[in-house]
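Chemist: This structure is in structure tokens; I'll ask about it shortly.
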Amino acid sequence: MEILRIPPYPLEIEYTVPTASTSYFLVIESNDRNEELVDVAVTSNSSSVVSYTLSDTLAKYDEHYALTIYEKNGANRGDIVVEDNLEIVRPYVDPNTLATTATEIAQYREYEALARQIIDAYVPDGFYFTTEWLQVVGQGTDYMPIWMRGYKVLKVYENAEKVWDVDDADGPALDEYDYSITKDKTAIIKDPVAGVDNWNRDERKPARTAMAASDSFDWYDTGDSANIQTFKGGVSFPEGADYMFYIEAGYKVVPNDIKDATNMLIEDIKCGKLDYYKRYVDNYRTDQFSIKYNPMMLEGTGNLLVDKILDKYVNVVTRPGVL
């Protein structure tokens, strides 16, 4: 089931079950099926329909969830009666603004869903607002690069210890540092909770230079060191340290040019302008029905203007690599 994440809130879901006026268990799991987010008892109405109002947390992001409805045997789960993929997604254009009657709105919902899928095929990451887990290793710098459009840091685990959590009553900083995303959305940084006057961050791993042993200088800046000078200062993300970041990513709102592109594709779909046999036939023979299609049939969205709008959002390098 696809639920459009648009006002009015809260969002409500409905499922048909075998028996009317009967108790069931409704379970919603995270998309990786590692965590149960909802486990509640629900009762079907006289039409054998169960309904559930989604929490603000579930309605905040564009996510896929695994939904299961079980028979209720006392306090235990019985047989599965419904198993579905619950998709909560924000449309690129609100279908309710494109029509007035219920029939027209339903038709435009289909047009918008198809136009959105065409755009997502061109820009694989899409224009959604979601959450992501990043499991990375420290590289001995003051920056932790991210290869997506990061928005906000929600949780941080350092060497399996939780050090940052925006939902924790004692947080968000559970250690001595605050975590945030740089203004250009390219890396995660951390700052001392106590604050500092100035800080020149290391964007690369300091060079390892062989040095002779000395009683006057220390290799690193340590809290109990009496030395007045060090060869090498500490970094925010030490080499080899394990980190797990849970972040908000994507687009808080859909860009206006993407809304325009979606509207253009909706009109093309509605008017039949995306029929490939009309747009990409180079050669057509009536004798043998030999049809030759232009190779461009397999590229783009079918609308050149939409392709030009989307070109600036295409990320050709999603992760660093070695050539």
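The values are calculated or read from the model by the stated rules, or taken from the named source; none is laboratory data. Please read all numbers here as calculations on a predicted model, not as lab measurements. Quick reminder, even Gly has a Cβ in these numbers, built from the backbone with ideal geometry, and neighbours come from all protein chains shown.
Chemist: Could you check segment 69-105 and list, in sequence order, the residues that are charged (D, E, K, R) and over 26 Å from Ser48 (Cβ atoms)?
Modeler: Answer for segment 69-105, where residues must be charged (D, E, K, R) and over 26 Å from Ser48 (Cβ atoms): Arg90, Asp94, Glu104.
Chemist: Another question, then. Give me the residue from segment 287-316 that is of a type in the set (A, V, I, L, M, F, W, C) and either farther than 24 Å from Glu267 by Cα or at pLDDT below 65 (or both) and, out of that set, surrounded by the fewest Cβ atoms within 10 Å (Cβ to Cβ). Steps first, answer last, please.
Modeler: Here is the first cut: in segment 287-316, the ones of a type in the set (A, V, I, L, M, F, W, C) are 289, 291, 296-298, 304-306, 309-310, 314, 316.
From the residues that got through so far, the ones that are either farther than 24 Å from Glu267 by Cα or at pLDDT below 65 (or both) too are 289, 291, 296-298, 316.
On the way: Phe289: 7, Ile291: 12, Met296: 13, Met297: 14, Leu298: 9, Val316: 4.
Of everything passing the filter in segment 287-316, Val316 is surrounded by the fewest Cβ atoms within 10 Å (Cβ to Cβ).
Chemist: Report the residue count in segment 35-63 for those that are within 20 Å of Asn76 (Cα to Cα) and not in a strand (DSSP E or B).
Modeler: 2
Chemist: Are any residues in segment 147-170 touching a strand residue (DSSP E or B) at 6+ places or on another chain (Cβ under 7 Å), over 18 Å from Glu239 (Cβ atoms) and not in a strand (DSSP E or B), and if so, which ones?
Modeler: Answer for segment 147-170, where residues must be touching a strand residue (DSSP E or B) at 6+ places or on another chain (Cβ under 7 Å), over 18 Å from Glu239 (Cβ atoms) and not in a strand (DSSP E or B): Met148, Arg149, Val166.
This table checks each residue for (1) at pLDDT 90 or above; (2) under 28 Å from the mean Cα position of the chain (by Cα); (3) assigned to a loop (DSSP other than H, G, I, E, B); (4) more than 30 Å from Ala99 (Cα to Cα).
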residue	(1), (2), (3), (4)
Asn198	no, no, yes, yes
Met211	no, no, yes, yes
Asp215	no, no, yes, yes
Trp219	no, no, no, yes
Val235	no, no, yes, yes
Glu248	yes, yes, no, yes
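Chemist: Taking Thr97 and the conditions (1) touching an Asp or Glu at 6+ places or on another chain (Cβ under 8 Å); (2) of a type in the set (Ser, Thr, Tyr); (3) modelled with pLDDT under 95, which numbered condition does it fall short on, given that it satisfies the others?
Modeler: Condition (1) is where Thr97 drops out.
Chemist: Out of Thr101, Thr97, report the one residue that is hydroxyl-bearing (Ser, Thr, Tyr), within 23 Å of Lys252 (Cα to Cα) and outside the structural domain of Asp307 (by TED's automatic domain parsing). Reasoning before the result, please.
Modeler: Values: Thr101 fails: within 23 Å of Lys252 (Cα to Cα).
Unique residue meeting the criteria: Thr97.
Chemist: Continuing with the same structure: Counting just the residues of segment 82-115 that are crowded, with 19+ Cβ neighbours inside 10 Å and more than 16 Å from the chain's Cα centre (by Cα), which one comes out nearest to Lys152 (Cα to Cα)? Don't jump to the end; show me each part of the working.
Modeler: Just the residues of segment 82-115 that are crowded, with 19+ Cβ neighbours inside 10 Å, to begin with: 86, 88-93, 95, 108, 111-112, 115.
Cutting the leftovers down to more than 16 Å from the chain's Cα centre (by Cα) gives us 93, 95, 108, 111-112, 115.
Working: Val93: 25, Pro95: 29, Tyr108: 33, Tyr111: 32, Glu112: 29, Ala115: 29 Å.
Filtering first and then ranking leaves Val93.
Chemist: While we're on this one: Can you name every residue in segment 132-186 that is among the aliphatic types (A, V, I, L, M) and within 13 Å of Glu248 (Cα to Cα)? Before you say what the answer is, go through the steps one by one.
Modeler: So in segment 132-186, the residues among the aliphatic types (A, V, I, L, M) come out as 134, 136-137, 144, 146, 148, 153-154, 156, 160, 163, 166, 169, 173-174, 181.
Within segment 132-186, Leu134, Ile146, Met148, Val153, Leu154, Val156, Val166, Ile181 meet the criteria.
Chemist: Restricted to segment 171-196, and to residues that are among the small types (Gly, Ala, Ser) and not in a loop (DSSP other than H, G, I, E, B), which residue is surrounded by the fewest Cβ atoms within 10 Å (Cβ to Cβ)?
Modeler: At the first step, the residues of segment 171-196 found to be among the small types (Gly, Ala, Ser) are 171, 173, 180, 187, 194-195.
Filter again for not in a loop (DSSP other than H, G, I, E, B), leaving 173, 180, 187.
Numbers: Ala173: 19, Ser180: 14, Ala187: 18.
Step by step, filter segment 171-196, then rank; the result is Ser180.
Chemist: Using the structure shown, decide if Asp125 is in a loop (DSSP other than H, G, I, E, B), among the charged types (D, E, K, R) and without any contact (Cβ under 8 Å) to a residue 60 or more places away in the chain. Lay out the reasoning, then the answer.
Modeler: Details: in a loop (DSSP other than H, G, I, E, B): yes; among the charged types (D, E, K, R): yes; without any contact (Cβ under 8 Å) to a residue 60 or more places away in the chain: no.
The answer is no for Asp125.
Chemist: Do you know which of the residues in segment 8-34 that are in a loop (DSSP other than H, G, I, E, B) and under 20 Å from the mean Cα position of the chain (by Cα) is surrounded by the fewest Cβ atoms within 10 Å (Cβ to Cβ)?
Modeler: Here the answer is Asn34.
Chemist: Also, quick follow-up: What are the residues in segment 152-161 that are surrounded by 15 or more Cβ atoms within 10 Å (Cβ to Cβ) and not aromatic (Phe, Trp, Tyr), if any? Working first, answer last.
Modeler: Let us first name the residues in segment 152-161 that are surrounded by 15 or more Cβ atoms within 10 Å (Cβ to Cβ), namely 153-158.
Selection gives Val153, Leu154, Lys155, Val156, Glu158.
Chemist: Still on this structure, please answer the following. Residues being of a type in the set (Ser, Thr, Tyr) and in contact (Cβ under 8 Å) with a residue 40 or more places away in the chain: count how many of those fall in segment 54-100.
Modeler: Keep residues of segment 54-100 that are of a type in the set (Ser, Thr, Tyr), which gives 55, 57, 61, 65, 68, 70, 92, 97, 100.
Then drop every residue that is not in contact (Cβ under 8 Å) with a residue 40 or more places away in the chain, which leaves 55, 61, 68, 70, 92.
Result for segment 54-100: 5.
Chemist: Now for a separate question. Given the conditions (1) at pLDDT 90 or above; (2) out of contact with any strand residue (DSSP E or B) (no Cβ under 8 Å at 6 or more places or on another chain), report the number of the one that Asp32 does not fulfil.
Modeler: (1)
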